[in-house]
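These notes concern the structure reproduced below.
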Amino acid sequence: MNNFKMLRLKRRLTQLQVAERAGLSQAYINELETGKKSNPSLETLTKLSEALGVSITEFLDREGRV
């Protein structure tokens, strides 16, 4: 399980809730969590970290991936 999904689940948020908070699609959130999409832009990282209520550094795992 990636860091992003762990943070989302810890906050008891669905993919749809995070997507709505970040202004992204639920499909994109799913693709990030399953590894189908990688290397999101800084703008997307900012939106996602704000949607989860964490800093970007908390959002990234040890390898620097979402």
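Just the protein heavy atoms count here, and of the accessible area of the chain at 1.4 Å, carbon and sulfur take up 47 percent. Each residue of segment 11-18 was assigned a 3J(HN,Hα) from its phi angle through the Karplus expression (A = 6.51, B = -1.76, C = 1.60, θ = phi - 60°), giving 8, 6, 10, 7, 4, 5, 4, 5 Hz with x at Gly and Pro.
Charge dipole of segment 1-64 (Cα centre as origin; +1 on each Lys and Arg Cβ, -1 on each Asp and Glu Cβ, all else neutral): 220 debye, rounded to the nearest 20.
Based on the alpha-carbon gyration tensor of the chain and its eigenvalue square roots a ≥ b ≥ c, which shape applies: rounded if a/c is under 1.5, prolate if not and a/b is larger than b/c, or oblate? Judged from the Cα gyration tensor, the chain comes out rounded (a/c under 1.5).
Gain in length, Leu60 to Asn39, computed as 0.36 nm per residue apart minus the alpha-carbon separation, to one decimal in nm?
So the extension gain works out to 6.5 nm.
The values are calculated or read from the model by the stated rules, or taken from the named source; none is laboratory data. The shown structure was predicted, so the numbers you read here are calculated from the model rather than taken from an experiment. Reconstructed Cβ throughout: ideal geometry from the backbone, glycine too, with neighbour counts over all protein chains shown. Remember, those area values only see protein heavy atoms, side chains included, never the ligands or the DNA or RNA. Shrake-Rupley method; radii C 1.70, N 1.55, O 1.52, S 1.80 Å.
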